1. Accessible area per residue, 1.4 Å probe, Å², for segment 1-139: what's the number?
2. Quote the accessible area belonging to T88 in square angstrom, nearest 10, computed with a 1.4 Å probe and with ligands, DNA and RNA left uncounted.
3. Carbon and sulfur atoms: what percent of the 1.4 Å accessible area of the chain do they account for?
4. Report the per residue volume, in Å³, of the convex hull enclosing the C-alpha atoms of the chain.
5. So what are the ³J(HN,Hα) numbers for segment 117-125, from phi and the Karplus equation (6.51, -1.76, 1.60; θ = phi - 60°), rounded to whole Hz, Gly and Pro as x?
6. Which one, L14, P68, Y81, projects farthest toward the positive side of the charge dipole computed for the chain from Cβ point charges (K/R +1, D/E -1)?
7. Using a 1.4 angstrom probe on the protein heavy atoms only, could you order E17, E36, E59 from most to least accessible area?
8. Accessible surface of V112 in the full protein assembly, 1.4 angstrom probe, to the nearest 10 Å²?
Amino acid sequence: MIRKFTNSDLDAILEIEAEAFPKSAYNGFIFLYYAEAYPDNFLVYVCDDTGTGLSELSEIVGYIIFYPQGHIVSIAVRSAYRRRGMGTELVEAVLKRAKGIASVEVRASNEVAKTFYKRLGFSLRTVIPRYYGDEDALLMVRTGMI
Ligand SMILES: CC(C)(COP(=O)(O)OP(=O)(O)OC[C@H]1O[C@@H](n2cnc3c(N)ncnc32)[C@H](O)[C@@H]1OP(=O)(O)O)[C@@H](O)C(=O)NCCC(=O)NCCS
């Protein structure tokens, strides 16, 4: 299930972040900033045996942060849970709220993310040189309804 972030999710989110972005992980202050500034736009994916998210064995396995107009700030899924559609569900939650319109910056070298967003209907709008300091970003945009 997908629900809003609560502060008790922070440790799990930091683990997911460190694994997904070893060279550029957000720290706890950044996550708490987004949680406070955009409480409706910081979602977590909770996986458990029952599918309710209420089991004691439930685990946070992914997250997405986005601006209200649909710009995705960050998304990651724990590596052991990838390729099961959870990332897609997280982006679809954004698309539902933003009427199918969304955008995201992707590292030029992140082939997985490029494939992932293309499959979700995003296409390349422009390249932003040295957006990440050492690397260009691709601005990918989705304009249609879902
Ligand atoms: C990008 C990410 C969030 C995708 O999450 P996920 O839960 O694995 O995504 P899904 O299972 O919904 O994948 C949907 C589709 O994306 C594509 N895709 C996802 N991972 C892929 C991979 N490793 N190789 C090729 N295609 C891939 C496939 O088309 C896939 O559909 P399929 O499994 O039916 O072939 C995840 O790989 C991740 O956390 N990566 C590290 C962090 C990151 O790069 N975030 C994006 C920054 S902009």
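The values are calculated or read from the model by the stated rules, or taken from the named source; none is laboratory data. This one's a predicted model, so the numbers in the text were calculated from it and none came from an experiment. Cβ atoms come from the backbone with ideal geometry, glycine included; neighbour counts cover every protein chain shown. Surface accessibility is based on the protein's heavy atoms, side chains included, excluding ligands, DNA and RNA. Shrake-Rupley method; radii C 1.70, N 1.55, O 1.52, S 1.80 Å.
1. Values: 7980 Å² over 139 residues.
Using a 1.4 Å probe on heavy atoms only, each residue of segment 1-139 averages 57 Å².
2. In the full protein context, T88 sits at about 30 Å².
3. Working: 4450 of 8430 Å².
Answer for the chain: carbon and sulfur cover 53 percent of the accessible area.
4. Working: hull volume 16.2 nm³, N = 146.
Residue-normalised Cα hull volume stands at 111 Å³.
5. My calculation for segment 117-125 gives 6, 4, 4, 8, x, 7, 9, 5, 9 Hz in order.
6. Among L14, P68, Y81, the one farthest towards the positive end of the dipole of the chain is P68.
7. My answer, sorted largest first, is E36, E59, E17.
8. 110
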